[in-house]
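Student: This is the structure I have questions about; it appears just below.
The values are calculated or read from the model by the stated rules, or taken from the named source; none is laboratory data. Since the structure is predicted, the reported quantities are computational estimates derived from the model, not experimental observations. Neighbour counts run over all protein chains shown; Cβ positions are idealised from the backbone, glycine included.
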Amino acid sequence: MSIPEWGRRAAIAACGAFALVVAMAGKTALAQSGLPVRNIRVDVAPLRANAGDPTATWVAQELPRRLAQALAARLTPRGGTLTVRIDYLTLGPNTGATIHGGSSPDNISGVATLDGVPRPVRATTAYAASPIDQTMVEQSNHYRVAQLAEALAYWIARDLGS
């Protein structure tokens with residue numbers, strides 16, 4: 001007994017739709033997987049001692065917002081407090097180092113603690129020098145710190161997801 005062509009096509013379409021629904025549900029579950037977070041605290045006291053201001057102030061302004069964005073799917077009243085202590089932040093030369101293909105490496109490091117478990121965290125970005133940056137050094141450096149905060153937030157969210 002053969003299945004009519006339209007019936008076979010309808011069955012294939014239904015299977016395809018079911019697979020799509022399962023795939024979308026899996027992506028939602030993956031985005032929400034990981035350790036739940038209730039509060040985010042950023043401690044820049046060690047950074048303030050090592051690098052001073054305005055660098056520590058910029059991190060204190062940028063990192064909590066970037067972490068909230070990166071962890072938005074996991075923010076819940078039943079989660080733990082994520083504390084991120086920033087120990088060091090270094091910006092490479094503003095002129096661009098020729099040994100790094102014309103870019104300067106910027107680094108940020110510290111420790112993220114959630115549920116009493118400390119995790120070392122680190123992020124690196126590459127800064128490509130721009131002629132305008134030489135006249136607007138403070139704005140350029142603030143932008144570079146914001147980029148480091150965004151990269152670090154991404155890695156922390158990724159690390160907490162496993």
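The rows are residues; the columns are (1) in contact with a helix residue (DSSP H, G or I) (Cβ under 7 Å, 6 or more places away or on another chain); (2) of a type in the set (Val, Ile, Thr); (3) at pLDDT below 95.
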{"residue": "36", "(1), (2), (3)": "yes, no, yes"}
{"residue": "86", "(1), (2), (3)": "yes, yes, no"}
{"residue": "89", "(1), (2), (3)": "yes, no, no"}
{"residue": "96", "(1), (2), (3)": "no, no, yes"}
{"residue": "103", "(1), (2), (3)": "no, no, yes"}
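Student: Tell me whether segment 126-144 contains one or more residues that are assigned to a strand (DSSP E or B), at pLDDT 80 or above and under 17 Å from the mean Cα position of the chain (by Cα).
Tutor: Yes: one or more hits.
Student: While we're looking at this one, here's another question. Could you tell me whether any residue of segment 106-122 is at pLDDT below 95, assigned to a loop (DSSP other than H, G, I, E, B) and not charged (D, E, K, R)?
Tutor: Checked segment 106-122: at least one residue is at pLDDT below 95, assigned to a loop (DSSP other than H, G, I, E, B) and not charged (D, E, K, R).
Student: From the list 76, 57, exactly one residue is among the hydroxyl-bearing types (Ser, Thr, Tyr) and modelled with pLDDT under 95. Which is it?
Tutor: 76
Student: So in segment 35-58, with the set limited to residues that are of a type outside the set (D, E, K, R) and in a strand (DSSP E or B), which one is surrounded by the most Cβ atoms within 10 Å (Cβ to Cβ)?
Tutor: Restricting to residues being of a type outside the set (D, E, K, R) and in a strand (DSSP E or B), the top hit is 37.
Student: Still on this structure, I have one more. Among the residues of segment 14-32, is there at least one that is within 30 Å of residue 109 (Cβ to Cβ), in contact with a strand residue (DSSP E or B) (Cβ under 9 Å, 6 or more places away or on another chain) and modelled with pLDDT under 95?
Tutor: no
Student: If residue 61 passes every condition in (1) surrounded by 16 or more Cβ atoms within 10 Å (Cβ to Cβ); (2) in contact (Cβ under 8 Å) with a residue 24 or more places away in the chain; (3) farther than 17 Å from residue 111 by Cα but one, which one does it miss?
Tutor: All conditions pass for residue 61, except number (2).
Student: Only one residue in 61, 69 is under 16 Å from residue 123 (Cβ atoms), under 19 Å from the mean Cα position of the chain (by Cα) and among the polar types (S, T, N, Q), so which one is that?
Tutor: Being under 16 Å from residue 123 (Cβ atoms), under 19 Å from the mean Cα position of the chain (by Cα) and among the polar types (S, T, N, Q) holds for just one of 61, 69, which is 69.
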